[in-house]
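For reference, the structure discussed in these notes is given below.
Rule-based calculations on the coordinates, nothing more; no lab input. Remember, it's a predicted structure, so these values are computed and weren't measured experimentally. Reconstructed Cβ throughout: ideal geometry from the backbone, glycine too, with neighbour counts over all protein chains shown.
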Amino acid sequence: MPLTANAALYTQRRADLATLLGRDGIAIIPTAPERQRNRDSDFLYRHDSYFYYLTGFTEPNACLIVTSDGHATLFCQPKDLEREIWDGIRLGPHAAPGALAVSAAYSIADLDQQAPRLLENKSTVWYPFATHKGLETRVDGWLSSVRARVRFGALCPESQRDLCALLDEMRLVKDTHEQDVMRRAAHISAGAHVRAMKRCANMLRAGQDVREYHLDAELLHEFRQHGSPYPAYGSIVAAGANACVLHYRADTAPIHDGELVLIDAGCELDGYASDITRTFPANGKFTGPQRDLYNLVLASQDAAIAATCPGKRFVDPHEATVAVLAQGLLDLGLLDKSKVGSAQDVIENRSYFQFYMHRTGHWLGMDVHDCGSYNEPSEIGNSTERRDPLSNELIQSRPSRILRPGMVLTIEPGLYVRPAEGVPAQFHNIGIRIEDDAIVTEEGCELITRGVPVKTDEIEALMRP
């Protein structure tokens, strides 16, 4: 069988990993198991991200073993004509080396027999800790088999190490192939948001009953229409006060004329996630208070975008966001200057937390909250302690990650105003979040999700009949 597309890419990744395993190291990377949804049905299958990163292989019941000399062994489902009638064609061990450029392949049924042989005479075994239930126990069994051969001169690995530490660093900086896939995913997701925004206004103008699930349906249609197999995460479609629930899911709530709608949704494409949030007026026209709050969040995002560039720290966009929001909350009267003090006081005492309680971004990649440390590895020993002014909890602070070209992160400030004493009534039950996906470049960052507008006038223009 000829090599699959991008086989050379995965071969290089495995080679890069091999160099990190140390002398006589070995790595074990299973894919995700199939999971039962109910009595006679499984959840839609999704591969393990680490496994896919190294193989490009999407079948279940598989495991990859890589050794420090670059040898890659794949264990996969054997050919089975009867099961293939029900579940689809399998690649099989015979075709796997030619298709995936692995060194060797066996049936997954042979893993318990072959793994001890591969572990023999190795010094360190690497595998993802706390990721695959039962893997540690299985590795222990394989090592016991190796120890049983020490009288015949076999050496058993003396240490076990977390493979996530290596793969997280590899996955953190996206190569050109990954960036291209993420741009395509972002383009599809932007189109889905545009479709949902237009549908909402059109239904209201027609006097129809509009529900959150109507807009969710538009998102799903656009994702599938352009080749995405599924959303990258559970889509949030939140009307009115529901937008003040951070992880609200698209449900049956009606969408009323005059409300804002918050949609946080993105598709997955070729194993990579996109993540976009837009907040828009259901009828296509912002009210005064809605516009004021929205423009404050947008201004804070602009400040965060400006702080997203090589050499800056991961925390810098968040701090830029908070600085703008702190002053804006005072200016709009959501925070009382006589009680909370200046903008700097608001930041130091975290008074803004009543309205803004999450970070401004996260890594994005194969997982929507992608892997990768948020601390700078070269400065990990430089830590300080501080006490949180709200929880009084003692927090260990380490230097934040230095941004580098190829890193991909979200930029997503927000404000969520629940009714409370001292909060002006015109802002009650307004939830706003604006989120874009950014690739750090040599000069700054590239926003790959601006296929859907963010400025109030542009949103209103888009939603007009």
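Applying a DSSP loop filter and a limit of 16 other Cβ atoms within 10 Å to the chymotrypsin sites (Phe, Trp or Tyr not before Pro) in segment 44-79 leaves Tyr45.
Which GluC sites (Glu not before Pro) from segment 379-436 combine a DSSP loop assignment with at most 12 other Cβ atoms within 10 Å?
Glu393, Glu421
The mean sequence separation of alpha-carbon pairs under 8 Å and at least six residues apart, normalised by the residue count of the chain, gives a relative contact order of 13 percent. The C-alpha radius of gyration of the chain, expressed as a fraction of 2.2 N^0.38 Å, stands at 1.12. The value obtained for segment 235-308, namely the Cα convex hull volume divided by the number of residues, is 116 Å³ per residue. Of the residues Leu220, Ala320, Tyr416, the one whose Cα sits farthest towards the positive end of the charge dipole of segment 173-463 is Tyr416 (charges of +1 on Lys and Arg Cβ, -1 on Asp and Glu Cβ, taken about the Cα centre). Shape class of segment 323-465 from the alpha-carbon gyration tensor: oblate, with a/c at 1.5 or above and b/c at least as large as a/b.
Listed from fewest to most Cβ neighbours within 10 Å, the set Trp142, Trp126 follows the order Trp142, Trp126.
In this simple spin-label approximation, Phe129 and Asp331 carry label points 7 Å from Cα along the Cα→Cβ vector, and these lie 4.7 nm apart. With the convex hull of its Cα atoms as the shape, segment 7-170 has an orientation-averaged projected area of 10.2 nm².
So between Ala165 and Thr252, what do we pick up on full extension, going 0.36 nm a residue minus the alpha carbon distance?
That pair, Ala165 and Thr252, stretches by 27.1 nm at full extension.
Once you put a point 7 Å from the Cα of Asn121 and another 7 Å from the Cα of Ser338, both along the Cβ direction, what distance in nm separates them? Placing both labels 7 Å along Cα→Cβ, they lie 8.2 nm apart.
The local environment of His132, defined by Cβ-Cβ distances under 10 Å, has a net charge of 0 under the rule Lys, Arg +1 and Asp, Glu -1.
Available extension along the chain between Tyr374 and Tyr45 is 115.5 nm, counting 0.36 nm per residue and deducting the alpha carbon span. Loop sites here are trypsin sites (Lys or Arg not before Pro) outside DSSP states H, G, I, E and B with no more than 10 other Cβ atoms within 10 Å. The longest part of the chain free of them is 134-465.
When the helices of the chain are scored as -39500 (n - 2.57) per DSSP H run of n ≥ 4 and the total is divided over every residue, the value at 222 nm lands at -11000 deg cm²/dmol.
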